[in-house]
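Just below is one structure, and these are the notes that go with it.
Here, each number is a calculation from the coordinates, and none is a lab measurement. Since we're looking at a predicted model, the values are computed, not measured. Neighbour counts run over all protein chains shown; Cβ positions are idealised from the backbone, glycine included.
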Amino acid sequence: MKTKEREYVLGTHDAEGQRLGLQHRLWSDAAHALWRRAGIRPGQRVRDVGCGPGFAAFDLAQVVSANSDAGLVVGVDESPRYVAQAAAGAAARGLAKHVVAIEGDVQKLGPALASRAKDLRALGRPPFRKAFDLAWARWVLCFVPDPDAVVAGVAALLKPGGRFAVHDYFAYESMTHAPKAPAFTRVIEAVAKSWRSRGGDPDIVGRLPALFRKHGLDVTHLAVDHRVARPGDAMFTWPDTFFRGYVPLLVQYGFLKQPEADAFLAEWNARSKNPDVFVFLPPVFEVIGAKR
Ligand SMILES: C[S@@+](CC[C@H](N)C(=O)[O-])C[C@H]1O[C@@H](n2cnc3c(N)ncnc32)[C@H](O)[C@@H]1O
């Protein structure tokens, strides 16, 4: 069992964990809608691929465990801190029997599942292949160097007819502030560059139809949820918390110079009080693949 926290580009510190919680609340309407479209129901087994601290996993578990002892969500994440938080959060919600959080690499889902075979057997759910009704991956494929391996691993675990539901980015760099501002454009470029430098892809959804086909998943749904946020809106807190947390990391990683970060944050602060501006948020794509 690994104990060291790995260097994931957005970090796994407390403020980032909190941000993931807020982000889940802001996007949970879209997540629940996509799960319904993918046919989620009580009694199912769900794979949460890159589950983070478990915010979506708790919601998924509440649905699949309703009036059912069988419902199970198996989350995998490489962060030991997030995995511990997911397990503790599930227990606090009375969902300990319905959520198993596993530390592992989503690019090696089979071995990750096998590593907790004993615990799954103890819950009466042996971790056999082709046992999952639904897999869910949100904002994870854009960060992994080998998305092909993730899709292959998910496809191997799904039942025939099982669904893989994804929320992720394409054209991330189309995000902008209106009216346009050069300091904002510079930061968006730096964000995308930092993800690419670790093998991520802010255009990952553009590659998914081919990857799904390759691994025996038929795309049954492909759509985009493109939102805007105005200062004062709840949705404005999404880019706000992201930039306040990530811009200092961009300086630390060498993708942005301190004066550029300072200029951006000064402009962001001013615009945050201006009712006449809005943020054109990055397009969040939704994809569902059905296992042949
Ligand atoms: C932006 S967070 C999204 C978390 C969660 N899916 C959600 O929507 O709240 C990305 C997550 O992917 C995890 N992650 C990134 N690369 C990974 C990998 N190769 N294997 C497992 N987890 C990974 C990170 O630790 C982090 O929890």
Original post:
Measuring from centroid to centroid over Cα atoms, what is the spacing of the stretch 222-284 and the stretch 1-74 in Å?
Top reply: 24
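Would you mind classifying the stretch 25-114 by shape? Square roots of the alpha carbon gyration tensor eigenvalues, ordered a ≥ b ≥ c; an a/c under 1.5 is rounded, otherwise it is prolate if a/b is larger than b/c and oblate if not.
rounded
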Subject >> Top of Gly17, Gly50, Gly94 by mean-square fluctuation, Gaussian network on the chain, Cα under 10 Å >> reply: Gly94
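Given the pairs Lys214/Lys291; Lys193/Lys291; Lys97/Lys214; Lys97/Lys291, which are separated by over 23 angstrom at their Cα positions? Before the final figure, lay out each step's value.
Values: Lys214/Lys291 11 Å; Lys193/Lys291 33 Å; Lys97/Lys214 35 Å; Lys97/Lys291 27 Å.
Violating the 23 Å Cα-Cα cut-off are Lys193/Lys291; Lys97/Lys214; Lys97/Lys291.
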Original post:
Label-point separation (nm) for Asp148 and Ala30, each offset 7 Å from Cα along Cα-to-Cβ?
Top reply: 2.8
Original post:
About its Cα centre, what dipole magnitude does the stretch 60-170 give when the only charges are +1 on Lys and Arg Cβ and -1 on Asp and Glu Cβ, stated in debye to the nearest 20?
Top reply: 420
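Rounded to the nearest 500 deg cm²/dmol, what is the calculated helix-only ellipticity per residue at 222 nm for the chain, with -39500 (n - 2.57) per DSSP H run of length n ≥ 4? Show your work: numbers first, answer last.
Details: 10 runs with 124 residues, N = 292.
Mean residue ellipticity at 222 nm (helix-derived): -13500 deg cm²/dmol.
What does the net charge come to around His215 if you take all other residues with beta carbon closer than 10 Å to its beta carbon, with K and R at +1 and D and E at -1? Kindly include the intermediate steps, with their values, before the conclusion.
Working: positive: Arg213, Lys214, Lys291, Arg292; negative: Asp148.
Charge balance in the 10 Å sphere: +3.
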**OP:** Please name whichever of Ala155, Ala181, Gly199 sits farthest to the positive end of the charge dipole of the stretch 89-216, dipole taken about the Cα centre and charges placed at Cβ: Lys and Arg +1, Asp and Glu -1.
**Re:** Ala155
Subject >> Debye, to nearest 20: dipole size of the stretch 231-292, +1 on Lys, Arg Cβ, -1 on Asp, Glu Cβ >> reply: 340
**OP:** Find how many whole Å separate the alpha carbon centroid of the stretch 91-131 from the alpha carbon centroid of the stretch 156-197.
**Re:** 29
**OP:** Please name which of Trp268, Phe143, His98 has its Cα lying farthest along the dipole of the chain towards the positive end, using unit charges on Cβ (Lys, Arg +1; Asp, Glu -1) and the Cα centre as origin.
**Re:** His98
Original post:
trypsin sites (Lys or Arg not before Pro), restricted to the stretch 194-239: which are DSSP loop and have at most 14 other Cβ atoms within 10 Å?
Top reply: Arg198
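Once you order the gyration tensor axes a ≥ b ≥ c over the Cα atoms, which shape class does the stretch 1-150 get: rounded for a/c under 1.5, otherwise prolate or oblate by comparing a/b with b/c? Please report the intermediate quantities before stating the final value.
Details: a/c = 1.37, a/b = 1.15, b/c = 1.19.
Note, shape of the stretch 1-150 comes out rounded.
Treat every Asp and Glu Cβ in the chain as -1 and every Lys and Arg Cβ as +1, leave all other atoms uncharged, and give the resulting dipole magnitude about the Cα centre to the nearest 20 debye. Mind dumping the intermediate values first?
On the way: 39 positive and 30 negative charges, 210 e Å.
Using only the charged Cβ atoms, the result is roughly 1000 debye.
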Original post:
Distance in nm between label sites at Phe280 and Arg37, each 7 Å beyond Cα in the beta-carbon direction?
Top reply: 2.3
Original post:
If you stretched the chain out fully between Gln252 and Arg196, how much longer would it get, using 0.36 nm times the residue separation minus the C-alpha to C-alpha distance?
Top reply: 18.5 nm
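If R0 is 22 Å, what FRET efficiency do you get for Ala70 and Thr220 from their C-beta distance, rounded to 0.05? If you can, show how the numbers build up before the last one.
Numbers: r = 25 Å, r/R0 = 1.12.
For Ala70 and Thr220, the calculated efficiency is 0.35.
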